[in-house]
Amino acid sequence: MTLIAQIVNFIILVAVAFAAVYFIVRILFREFHKQSKAAAIFTPLAPLRVGLGYDVHRLVAGRPLILGGVNVPFDRGLEGHSDADVLVHAVMDALLGAAGQGDIGRHFPDRDPQYAGISSLLLLERVGRLLAEQGYRVNNVDAVVVAQAPRLAGYIPDMVQHIAHALNIDAKCVNVKATTTEGLGFTGTGEGIAAYAVATVVSP
């Protein structure tokens with residue numbers, strides 16, 4: 001075999017080896033990319049948990065109307081074992097749900113006389129401590145009160161402050177809204193008031 005032939009064979013072998021390495025690297029890179037993409041899809045960006053709360057109470061004469069810890073002037077108040085703060089009750093259920101801790105009926109049963117007439121903000125403080133003891137941190141709360149009357153817009157800032165203080169979080173992490181049902185349903189006829197809340201907590 002001539003020197004030129006040997007050189008040509010050597011070049012061919014190098015080229016084949018280079019091509020093999022190139023295809024192996026390309027296959028490995030493709031598999032790595034697939035695994036990275038799958039991890040990005042299934043791995044949460046943060047250990048965030050979400051809870052939903054709902055509560056409703058009947059409006060009756062002879063009771064104060066307490067919403068978000070605020071005594072709202074009205075001719076009727078909400079009926080209940082505690083102060084019947086429907087807004088705070090919804091917030092508590094949302095927080096307990098986010099932490100997988102049941103609901104307020106489980107922690108503060110309405111058959112227990114120690115909770116008769118109690119401020120719901122005190123119960124909210126206990127819920128906040130319960131979550132903190134288990135390593136949860138309240139991230140944010142968003143709630144809406146559904147009532148045909150009274151108008152609540154002027155009282156919402158105080159409600160936000162009370163809820164934030166009870167949970168020991170910044171008021172910017174709490175949002176409260178109020179709406180009507182345009183006269184529809186039990187809230188529209190003034191029979192009762194309802195509240196919905198969503199809360200997120202950061203898990204340990």
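The values are calculated or read from the model by the stated rules, or taken from the named source; none is laboratory data. Given the structure is predicted, the values throughout are model-derived calculations rather than measurements. Cβ atoms come from the backbone with ideal geometry, glycine included; neighbour counts cover every protein chain shown.
Tell me, which residue of region 134-157 that is small (Gly, Ala, Ser) and within 17 Å of the chain's Cα centre (by Cα) is surrounded by the fewest Cβ atoms within 10 Å (Cβ to Cβ)?
Kept after step one, since they are small (Gly, Ala, Ser), are these residues of region 134-157: 135, 143, 147, 149, 153-154.
Subset that is within 17 Å of the chain's Cα centre (by Cα): 135, 143.
Values: GLY135: 11, ALA143: 24.
For region 134-157, the residue satisfying everything is GLY135.
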Of all residues making up region 117-133, the number that are within 18 Å of LEU78 (Cα to Cα) and either charged (D, E, K, R) or surrounded by fewer than 12 Cβ atoms within 10 Å (Cβ to Cβ) (or both): 1
VAL88: within 15 Å of LEU67 (Cα to Cα) and touching a Ser or Thr at 6+ places or on another chain (Cβ under 8 Å), yes or no? yes
If I filter region 178-204 down to residues being under 12 Å from the mean Cα position of the chain (by Cα) and aliphatic (A, V, I, L, M), which single residue comes out as farthest from ALA90 (Cα to Cα)? VAL202
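Looking for whichever is in the same structural domain as VAL141 (by TED's automatic domain parsing), on the phi > 0 side of the Ramachandran plot and not β-branched (Val, Ile, Thr) here; the options are ALA94, ALA84. Which one fits? First the steps, then the outcome.
Working: ALA94 fails: on the phi > 0 side of the Ramachandran plot.
Checking each option against the conditions leaves just ALA84.
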Restricting to region 123-178, give me the number of residues that are under 15 Å from ALA199 (Cβ atoms), among the β-branched types (Val, Ile, Thr), in contact with a strand residue (DSSP E or B) (Cβ under 8 Å, 6 or more places away or on another chain) and free of Cβ contacts under 8 Å to residues at least 60 places away in the same chain. 4
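I'm checking my understanding of the structure. Among residues of region 68-103 that are among the β-branched types (Val, Ile, Thr) and part of a helix (DSSP H, G or I), which one is surrounded by the fewest Cβ atoms within 10 Å (Cβ to Cβ)? Walk me through it before giving the result.
So the first thing to find is which residues in region 68-103 are among the β-branched types (Val, Ile, Thr), and the list is 70, 72, 86, 88, 91.
When the remaining residues are screened for being part of a helix (DSSP H, G or I), the result is 86, 88, 91.
Numbers: VAL86: 26, VAL88: 32, VAL91: 33.
So the residue we want is VAL86.
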State whether the residues of region 123-132 include one that is part of a strand (DSSP E or B) and either farther than 12 Å from GLY68 by Cα or under 17 Å from the mean Cα position of the chain (by Cα) (or both). no
Restricting attention to region 158-196, the residues that are surrounded by 13 or more Cβ atoms within 10 Å (Cβ to Cβ) and of a type in the set (D, E, K, R) number exactly 3
May I ask you to verify whether VAL72 is in the same structural domain as THR187 (by TED's automatic domain parsing), at pLDDT 95 or above and in contact with a Phe, Trp or Tyr (Cβ under 6 Å, 6 or more places away or on another chain)? yes
